[in-house]
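Colleague: Have a look at the structure that comes next, please.
The values are calculated or read from the model by the stated rules, or taken from the named source; none is laboratory data. Predicted model, so just to flag it, every value in this text is computed and none were measured. All Cβ positions, glycine included, derive from the backbone under ideal geometry; neighbour counts span all protein chains shown. Accessible surface is based on the protein model in full, side chains and every heavy atom, while ligands, DNA and RNA are left aside. Shrake-Rupley method; radii C 1.70, N 1.55, O 1.52, S 1.80 Å.
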Amino acid sequence: QKEVEQNSGPLSVPEGAIASLNCTYSDRGSQSFFWYRQYSGKSPELIMFIYSNGDKEDGRFTAQLNKASQYVSLLIRDSQPSDSATYLCAVNKVSGQAGTALIFGKGTTLSVSS
Amino acid sequence: DAGVTQSPTHLIKTRGQQVTLRCSPKSGHDTVSWYQQALGQGPQFIFQYYEEEERQRGNFPDRFSGHQFPNYSSELNVNALLLGDSALYLCASSTWLLRFNEQFFGPGTRLTVL
């Protein structure tokens with residue numbers, strides 16, 4: 001089982017719709033969870049992070065965390081063509097030396113059509 | 001406020017050569033992490049540096065080594081390059097005290113090994 005799994009997509013939604021992106025993780029000790037957006041040829045850009053069960057909203061974006069189910073999701077409301085990108089889910093893995101590593105899924109490609 | 005910077009932007013090397021990539025973290029950040037992103041994959045954690053020491057290491061061979069300087073900047077060295085080392089190399093900066101929080105990525109260095 002991979003540490004972080006995402007559906008690679010592509011996920012296609014019309015402009016103005018809600019896009020729902022999902023992610024599952026295997027390490028129950030994971031403490032914080034991240035969504036990054038990556039445009040083709042560019043580096044990942046942080047959208048949101050969440051560490052408590054429940055929902056966290058920031059503008060058109062809502063992150064949802066369910067630690068019991070080991071599930072994280074990202075909702076994008078009123079999707080725009082500019083939201084078309086790859087969305088990377090990441091979890092924070094802590095080592096014995098207290099260093100931290102982000103463990104990424106492969107990413108989900110979102111396409112928003114106008 | 002300068003963000004994370006990396007140099008060079010692009011690099012072409014041949015098999016067996018050695019390469020050094022450089023990173024300067026965001027102002028106020030003291031921790032640098034390095035990631036390798038192959039085409040179509042999520043970033044993979046290489047290692048993390050804080051206080052000039054390697055704090056955590058991912059599943060990469062000893063050919064990959066690093067260094068952090070007193071001004072928090074960092075280098076990634078790769079020896080005996082293989083074709084499979086061709087990838088986007090990403091540097092991320094963060095604050096050790098808030099290491100469970102977000103990491104911010106630089107623009108990356110695109111390495112091509114021929």
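Colleague: Just to check I understand the Karplus step: with θ = phi - 60° and J = 6.51 cos²θ - 1.76 cosθ + 1.60, what whole-Hz values come out for segment A:37-44, glycine and proline as x?
Modeller: 10, 9, 7, 4, x, 10, 8, x
Colleague: Among B:F60, B:F100, B:F69, which one shows the highest mean-square fluctuation when chain B is modelled as a Gaussian network with alpha-carbon springs under 10 Å?
Modeller: B:F100
Colleague: Only protein chains counted, 1.4 angstrom probe. Which residues of segment A:41-79 are at least 40 Å² less accessible in the assembly than when their chain is isolated?
Modeller: Correct list: A:S43, A:P44, A:L46, A:F49.
Colleague: I would also like to ask the following. What is the ratio of the Cα radius of gyration of chain B to 2.2 N^0.38 Å, with N the residue count, to two decimals?
Modeller: Relative to the rule-of-thumb radius for its length, chain B sits at 1.00.
Colleague: Also: Just the projected area, averaged over all directions, of the convex hull on the alpha carbon atoms of chain A: how many nm²?
Modeller: Across all orientations, chain A yields a mean hull projection of 7.2 nm².
Colleague: For B:54-62, what's the mean count of beta carbons from other chains sitting within 10 Å of each residue's beta carbon?
Modeller: Mean inter-chain Cβ contacts per residue within 10 Å come to 3.
Colleague: Whole-Hz ³J(HN,Hα) for each residue in segment A:59-73, computed from phi via Karplus 6.51 cos²θ - 1.76 cosθ + 1.60 with θ = phi - 60°, x for glycine and proline: what do you get?
Modeller: Whole-Hz 3J(HN,Hα) from phi for segment A:59-73: x, 7, 9, 10, 9, 10, 10, 10, 5, 4, 8, 6, 9, 10, 9.
Colleague: Also, I was wondering about something else. Using θ = phi - 60° and the Karplus form 6.51 cos²θ - 1.76 cosθ + 1.60, what ³J(HN,Hα) does each residue of segment B:101-114 get, whole Hz, x for Gly and Pro?
Modeller: 8, 6, 10, 10, 8, x, x, x, 10, 8, 9, 10, 10, 9
Colleague: Also: So, for chain A, what is the accessible surface per residue at a probe of 1.4 Å, expressed in square angstrom?
Modeller: Value returned for chain A: 47 Å² of accessible area per residue.
Colleague: Which residues, if any, in segment B:66-114 have at least 50 Å² less accessible area in the whole protein complex than in the isolated chain, probe 1.4 Å?
Modeller: At a threshold of 50 Å² (probe 1.4 Å), the residues of segment B:66-114 that become less exposed are B:R99, B:F100, B:E102, B:Q103, B:F105.
Colleague: Considering only DSSP states other than H, G, I, E and B, which trypsin sites (Lys or Arg not before Pro) in segment A:44-114 qualify as loop sites with at most 16 other Cβ atoms within 10 Å?
Modeller: A:R60, A:K67, A:R77
Colleague: If you don't mind, another one. If I build a Gaussian network model for chain A, linking alpha-carbon pairs within less than 10 angstrom, which residue out of A:A98, A:A63, A:A17 has the largest mean-square fluctuation?
Modeller: Ranking A:A98, A:A63, A:A17 by mean-square fluctuation puts A:A98 first.
Colleague: Report the trypsin sites (Lys or Arg not before Pro) located in segment B:1-65 that are in a DSSP loop and have at most 15 other Cβ atoms inside 10 Å of their Cβ, or state none.
Modeller: Those that pass, being in a loop and sparsely packed, are B:R15, B:R63.
Colleague: For chain B, with a Gaussian network of springs between Cα atoms less than 10 Å apart, report the residue from B:G40, B:G58, B:G84 with the top mean-square fluctuation.
Modeller: B:G40
Colleague: From a point 7 Å beyond the Cα of A:R60 in the direction of its Cβ, which residues of segment A:68-107 have a backbone N at a distance under 11 Å?
Modeller: Within reach of a label on A:R60: A:76-84.
Colleague: Where nothing but the Cβ of Lys and Arg (+1) and of Asp and Glu (-1) is charged, how large is the charge dipole of chain A around its Cα centre, in debye to the nearest 20?
Modeller: For this selection, approximately 260 debye.
Colleague: Also: So, for chain B, what is the accessible surface per residue at a probe of 1.4 Å, expressed in square angstrom?
Modeller: Here the residues of chain B average 47 Å² of exposed surface.
Colleague: Placing +1 at every Lys and Arg Cβ and -1 at every Asp and Glu Cβ, with all other atoms neutral, what dipole size does chain B have around its Cα centre, in debye to the nearest 20?
Modeller: I would put it at about 400 debye.
Colleague: Under 26 Å Cα to Cα from B:K13, which lysines show up? Leave out anything in the same chain fewer than 8 places away.
Modeller: A:K42
Colleague: Counting only GluC sites (Glu not before Pro) that are in a DSSP loop and have at most 12 other C-beta atoms within 10 Å, tell me the longest site-free stretch of chain B.
Modeller: By the stated rule (loop sites, at most 12 other Cβ atoms within 10 Å), B:53-114.
Colleague: What net charge is computed for the residues neighbouring B:Q41, neighbours being all others with C-beta under 14 Å from the C-beta of B:Q41, Lys and Arg scored +1, Asp and Glu -1?
Modeller: -1
Colleague: Which value, in square angstrom to the nearest 100, describes the accessible area buried between chains B and A on both sides, using a 1.4 angstrom probe?
Modeller: 1900
Colleague: Counting only residues 5 or more places away or on other chains, whose amide H sits under 5 Å from the amide H of A:L11 once H atoms are built in the peptide plane?
Modeller: Amide H neighbours of A:L11: A:T109, A:L110, A:S111.
Colleague: Less than 13 Å Cβ to Cβ from A:E3, Lys/Arg counted +1 and Asp/Glu -1: what total charge do the surrounding residues give?
Modeller: +2
Colleague: Any idea what the dipole of the protein assembly as shown comes to, in debye rounded to 20, about its Cα centre with Lys/Arg Cβ at +1 and Asp/Glu Cβ at -1?
Modeller: Using only the charged Cβ atoms, the result is roughly 440 debye.
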